[in-house]
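What follows is one structure encoded as structure tokens, with my remarks underneath.
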Amino acid sequence: MVNAYTGNPTTVAADKVRLLIGDTGTTGILTDLEIADCLADASNNTTLAAIYACEMLVAEYAAKVSKKISDQSINYSDLQDHYIKLAEKLQKRYESYNYGTPEPTSGSEDVDPRFESQQFDYV
């Protein structure tokens, strides 16, 4: 089974991971087992699993050689760069979810009250 995107990212964790990495087409990029492995490694955190999936794809495309046949070409380094940048964006998203509002700078006492009272609402 290559790609079983069902279009239910709010209820199916694997669909959320696929949506985050852009793997919603009919041909599929990662197998269901690979997505399940990412979810297991991430303790079912879909954003973290998507980061792991991006890292898998970066490694996969790093091992491939770009090719040009006639006027057709495949440049795997472009795909590798895409997934590196996507992983970085997802990492920022993951950190903002898990660490909340950044600490105030030295000397500032203006802390958002929601930070203290609701800091674990999205974990």
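Below, the figures for the structure above:
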{"item": "Qualifying residue in region 36-44 (condition: under 24 Å from S96 (Cβ atoms), modelled with pLDDT of 95 or more, in contact with an Asp or Glu (Cβ under 6 Å, 6 or more places away or on another chain) and surrounded by 18 or more Cβ atoms within 10 Å (Cβ to Cβ))", "result": "no"}
{"item": "Lone qualifier among A13, A50 - being under 19 Å from K89 (Cβ atoms) and either of a type in the set (D, E, K, R) or in contact (Cβ under 8 Å) with a residue 12 or more places away in the chain (or both)", "result": "A50"}
{"item": "Some residue of region 48-64 being hydroxyl-bearing (S, T, Y) and in contact with a Cys (Cβ under 7 Å, 6 or more places away or on another chain)", "result": "yes"}
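Residue-by-condition table, conditions (1) modelled with pLDDT of 80 or more; (2) farther than 22 Å from L20 by Cβ; (3) hydrophobic (A, V, I, L, M, F, W, C):
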{"site": "S70", "(1), (2), (3)": "yes, yes, no"}
{"site": "D78", "(1), (2), (3)": "yes, no, no"}
{"site": "K92", "(1), (2), (3)": "yes, no, no"}
{"site": "E95", "(1), (2), (3)": "yes, no, no"}
{"site": "N98", "(1), (2), (3)": "no, no, no"}
{"site": "E103", "(1), (2), (3)": "no, yes, no"}
{"site": "G107", "(1), (2), (3)": "no, yes, no"}
{"site": "F115", "(1), (2), (3)": "no, yes, yes"}
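The values are calculated or read from the model by the stated rules, or taken from the named source; none is laboratory data. All values derive from a computational prediction rather than experimental measurement. Please note: Cβ atoms are built from the backbone with ideal geometry, for glycine as well, and neighbour counts cover all protein chains shown.
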